[in-house]
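Take a look at the structure set out below.
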């Protein structure tokens, strides 16, 4: 089969690659038979029709983990019904060759049977499926990984099955049900009603979730923390809010005006902590950090951006993810008066050649939530293969 005779299969997501549990995932799948070159256009249409036997699509979520935790995953994610694994090259096996355990598998949907395309002809089919409400988020951790994909399978007559994988990202709004009282119950829907139109169903649930999310992350309340050790007061930490969305900046200050212990420098790191329920296994991963030399400074300003690609906090039967700010303070053991002029005269201050120091650490839990899905990159969500 020459290159000119190959059929192009392209998949494009509807509404972007980011979804929430309960969302409807949409994907347009287009099958195109390229135009014939000029030297072959004299042939009859019957001789140059290209045929596809069938096409099907399905969503899967795979869970992979380290070898030490493989037994735990098999125990926690044991399902009574297991789909048989197809071994034939002509059958539809979306997860053939993938590593991990299938924890979510939607029913395969047939897009067509016996499709014939003439040169230059294209046909598109819409694949649509609703994600389960209890599905875990997309997560690439150190201990456990969750990944989602839409697999489109198709087959030429008397040929092997070809697969096209379309990755999607699922985010979970953890703890939204606990904050449902943040929605004003007195609000009235003033939009015009039509008795001949269907009422809004799951759209309201999604809108309510994002409204709660906006209320949680928009609230600004100053949180003060006095950081001390056995020698006295080190600093006063001020955090402007406690809940953040992906892509936001964590803005805070450190006030040293009332400090009785001299702080030479500090580092603030955004960290995630994975933990297996009921076990001691933990994995800490560091992301952005902020570093400052603060010797003789009265106040320091902190600006720590949150990456968009990270996964907000969540919890499943095999893993829980939490977020925190990890502080490291380098404290001088020398009294501040040792660096001043005993006569009180003006002089050029120079940093001491050496310091007796110790390191002090402190962790502050914070809450991370998903951001509203962006539509700026919808044109890039296209995946193609040739068969």
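Could you grab me the full set of residues in segment 286-319 that are over 30 Å from residue 256 (Cβ atoms) and either surrounded by 16 or more Cβ atoms within 10 Å (Cβ to Cβ) or modelled with pLDDT of 95 or more (or both)?
The first filter runs over segment 286-319 and keeps only residues over 30 Å from residue 256 (Cβ atoms), leaving 308-319.
Of everything in segment 286-319, those that are over 30 Å from residue 256 (Cβ atoms) and either surrounded by 16 or more Cβ atoms within 10 Å (Cβ to Cβ) or modelled with pLDDT of 95 or more (or both) turn out to be 310, 311, 312, 313, 314, 316, 318, 319.
I'd like to check something: does segment 332-348 contain any residue that is surrounded by 11 or more Cβ atoms within 10 Å (Cβ to Cβ), modelled with pLDDT under 90 and over 30 Å from residue 231 (Cβ atoms)? Taking every residue of segment 332-348 in turn, none turns out to be surrounded by 11 or more Cβ atoms within 10 Å (Cβ to Cβ), modelled with pLDDT under 90 and over 30 Å from residue 231 (Cβ atoms).
Return yes when residue 215 is in contact with a strand residue (DSSP E or B) (Cβ under 7 Å, 6 or more places away or on another chain), without any contact (Cβ under 8 Å) to a residue 60 or more places away in the chain and not assigned by TED's automatic domain parsing to the domain that holds residue 133 and no when it is not. I'd like the intermediate steps shown before the answer.
Working: in contact with a strand residue (DSSP E or B) (Cβ under 7 Å, 6 or more places away or on another chain): no; without any contact (Cβ under 8 Å) to a residue 60 or more places away in the chain: yes; not assigned by TED's automatic domain parsing to the domain that holds residue 133: yes.
For residue 215, the condition - in contact with a strand residue (DSSP E or B) (Cβ under 7 Å, 6 or more places away or on another chain), without any contact (Cβ under 8 Å) to a residue 60 or more places away in the chain and not assigned by TED's automatic domain parsing to the domain that holds residue 133 - is not met.
Hey, any hits in segment 215-230 for a residue that's under 27 Å from residue 330 (Cα atoms), under 27 Å from the mean Cα position of the chain (by Cα) and part of a strand (DSSP E or B)? Taking every residue of segment 215-230 in turn, none turns out to be under 27 Å from residue 330 (Cα atoms), under 27 Å from the mean Cα position of the chain (by Cα) and part of a strand (DSSP E or B). Considering segment 120-140, the residues that are more than 25 Å from the chain's Cα centre (by Cα) and outside any strand (DSSP E or B) include one that is modelled with the lowest pLDDT, namely 120.
Confirm whether residue 269 is in contact with a strand residue (DSSP E or B) (Cβ under 8 Å, 6 or more places away or on another chain) and under 18 Å from residue 366 (Cβ atoms). For residue 269, the condition - in contact with a strand residue (DSSP E or B) (Cβ under 8 Å, 6 or more places away or on another chain) and under 18 Å from residue 366 (Cβ atoms) - is met. The residue that is nearest to residue 66 (Cα to Cα), counting only those in segment 234-278 that are in a loop (DSSP other than H, G, I, E, B) and free of Cβ contacts under 8 Å to residues at least 24 places away in the same chain, is 278.
The values are calculated or read from the model by the stated rules, or taken from the named source; none is laboratory data. Only a predicted model underlies this, so the values are computations on that prediction, with no experimental measurement involved. Here Cβ is always computed from backbone atoms with ideal geometry, including for glycine, and neighbour counts include all displayed protein chains.
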